[in-house]
Amino acid sequence: MKYKIELFDSVKKEKIEFEPIVSGEARIYVCGPTVYDHAHLGHARSAIAFDLLRRMLLENDFKVEFGRNFTDIDDKIINKMSQTGESLLEITERYINSYSRDMQDLGIIVPTVQPKATETIDEISHMVQELLDKDFAYRTSSGDIYFDTSRDKNYLSISGRYQNENERESRLNSIEDEKRNIADFVLWKHEKDGDLVKFESSLGNGRPGWHIECSAMIEKHLSHKNKNYSIDIHCGGADLLFPHHENEASQSRCATGHELAKYWLHNGFVKIDGEKMSKSLGNSFFVRDAIKKYGGEAIRFYLLSTHYRADFNFSEEELLNSKKRLDRIYRLKKRLSSYKISEAMLNSVFELDNLIFKNHLLKAMNDDLNISIVLAEIDKFVSTANESLDQNKKIDLSKIAQYVKNLKCINRLIGIGENNYSEYFQFGIGDEVKKEIEDLISQRTEAKKDKNFVLADEIRDQLKNMNVQIMDTINGVKWERVE
């Protein structure tokens, strides 16, 4: 059964039915990180939110082209160059690699395209020239090129904002003398003496402004050329709606003659113990640190558990509670692993219950990624499956195959449950400690063979003090880390 897809559009400020530009296809662009430092929780939240969007569309049989950029030209990067003496490439490649590792650990599907601003200079220059030729942009005596916001009658139509007197007054002191309007923004910064970063361009040597980079990358990699919109969906954090997305949309419509995106989606802020996360407040921390402590999948599961549009309040206590919910999924996976289910059996089994389960999840996901219903359905499935396994000692393998298929459906749709259950329950234990644990387990096994149960119990207690729980099973001794 096909369910209609409804998404909350930030421009229309309501849920509307998703109707792709081309039937069966979806082109999505997400604003990626500025690569001057390691990724923080805000980056992770945005990446996970729109990874869910992509997975939902894939499960609805859409062909999805998904782009997420790297902003590798920015004042923050240039400041870091001044501080460290490193080159632009050294800094940006280090943080691109760091970000990519974090995304892999968080289970994010690799984007179709991951463009960089430094690799889009020709396209940026061409778009700026288009705006100059059409009189939507102007050059100042310093050589800088600005977008003239007064020339776009639809400026502010994306954010729905207006500039009040206080905003105007607060910005008057910093306005360049030759800017025509307070809201005008830079498209191209002409080279100045001492500039650390500049590029050769038909516009004159210099570097692009931030907003134009995304517009040019979308046009280069994802754009429909003869449609009313360049792409289907433009995504990003709520903080980007204005001015970044407003300015993107404005310059793109003026340069190309069509709108940038048919739908605009934005995820909520991340807060730390109720306070908005920001470096200036000193409450921002790197995703890498959280992954090292809790594991990427636990972080993913926790961050996706709140609806993407709502603000997310991070607390360690809630993360640990969330992990217990994830543990139950892996404990079921562990139970099912004792049954021998081949891929051929999985492919041959058709279970109405499996189809119903998938449809329940998909119906909820199609409703603006309603994750709370999805997780409630998963909780219900895990409980039902465990009850069935408890009550039936000789359960039909077709039922086991159904449960395995349900777990695979969960993995495809929300990116949870793919890891090996042993690795999941042994997360955070290094190789040396693992060897020590295995040696102690071997010693305990020998002690039991020799009927030295006192020693066996002492070893069990020693392992318990190491936060290791052991289970004697028909397939040997299994162990896992416990909190």
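Of note:
- Restricting region 52-71 to residues that are assigned to a helix (DSSP H, G or I) and charged (D, E, K, R), the residue that is surrounded by the most Cβ atoms within 10 Å (Cβ to Cβ): Arg54
- For region 223-239, a tally of residues being open to solvent by 10 Å² or more (accessible area, probe 1.4 Å) and either over 17 Å from Ile48 (Cα atoms) or assigned to a loop (DSSP other than H, G, I, E, B) (or both) returns 7.
- For Ala49, the conditions (1) open to solvent by 10 Å² or more (accessible area, probe 1.4 Å); (2) under 16 Å from Leu369 (Cα atoms) are fulfilled apart from (1).
- Scanning region 202-221 for residues that are hydrophobic (A, V, I, L, M, F, W, C) and within 13 Å of Ile28 (Cα to Cα), we see that the one that is surrounded by the most Cβ atoms within 10 Å (Cβ to Cβ) is Cys214.
- Check on Gly296, in contact with an Asp or Glu (Cβ under 7 Å, 6 or more places away or on another chain), crowded, with 16+ Cβ neighbours inside 10 Å and not aliphatic (A, V, I, L, M): yes
- When region 396-428 is filtered for residues that are more than 30 Å from Glu458 (Cα to Cα), small (Gly, Ala, Ser) and not in a helix (DSSP H, G or I), the ones remaining, listed by number, are Gly415, Gly417.
- Among the residues listed as Asp61, Asp75, the single one being in contact (Cβ under 8 Å) with a residue 24 or more places away in the chain and over 16 Å from the mean Cα position of the chain (by Cα): Asp61
- Just one of the listed residues (Lys451, Lys394, Lys434, Lys464) is on the phi > 0 side of the Ramachandran plot, surrounded by fewer than 16 Cβ atoms within 10 Å (Cβ to Cβ), of a type outside the set (Phe, Trp, Tyr) and free of Cβ contacts under 8 Å to residues at least 24 places away in the same chain, and it is Lys451.
- Given (1) touching a helix residue (DSSP H, G or I) at 6+ places or on another chain (Cβ under 9 Å); (2) touching a residue at least 12 places away in the same chain (Cβ under 8 Å), number of the condition Ala376 does not satisfy: (2)
- Residue list for region 257-297, filter: of a type in the set (Asp, Glu), modelled with pLDDT of 95 or more and under 30 Å from Asp9 (Cβ atoms): Glu259
- If the condition is being of a type in the set (Gly, Ala, Ser), surrounded by fewer than 18 Cβ atoms within 10 Å (Cβ to Cβ) and outside any helix (DSSP H, G or I), then region 72-109 contributes Gly85, Ser87.
- When we screen Thr149, Thr140, Thr84 for residues that are in contact (Cβ under 8 Å) with a residue 12 or more places away in the chain and in contact with a helix residue (DSSP H, G or I) (Cβ under 8 Å, 6 or more places away or on another chain), the only hit is Thr149.
- A single entry from Asn386, Asn406, Asn411 fulfils the requirement of being free of Cβ contacts under 8 Å to residues at least 24 places away in the same chain and closer than 30 Å to Tyr294 by Cα: Asn411.
- Qualifying positions in region 127-168 - part of a helix (DSSP H, G or I), of a type in the set (Lys, Arg) and either at pLDDT below 95 or loosely packed, with under 13 Cβ neighbours inside 10 Å (or both): Arg168
- Some residue of region 429-436 being within 30 Å of Ile459 (Cα to Cα), touching a strand residue (DSSP E or B) at 6+ places or on another chain (Cβ under 9 Å) and outside any helix (DSSP H, G or I): yes
- Residues satisfying the stated conditions in region 353-386, i.e. open to solvent by 10 Å² or more (accessible area, probe 1.4 Å), modelled with pLDDT of 95 or more and among the acidic types (Asp, Glu): Asp367, Glu377, Asp379
The values are calculated or read from the model by the stated rules, or taken from the named source; none is laboratory data. A quick note: this is a predicted structure, and the numbers were derived from the prediction, not measured. Virtual Cβ from ideal backbone geometry, glycine too; neighbours counted across all protein chains shown. In case anyone asks, the SASA skips ligands and DNA or RNA and just uses the protein heavy atoms, side chains included. Shrake-Rupley method; radii C 1.70, N 1.55, O 1.52, S 1.80 Å.
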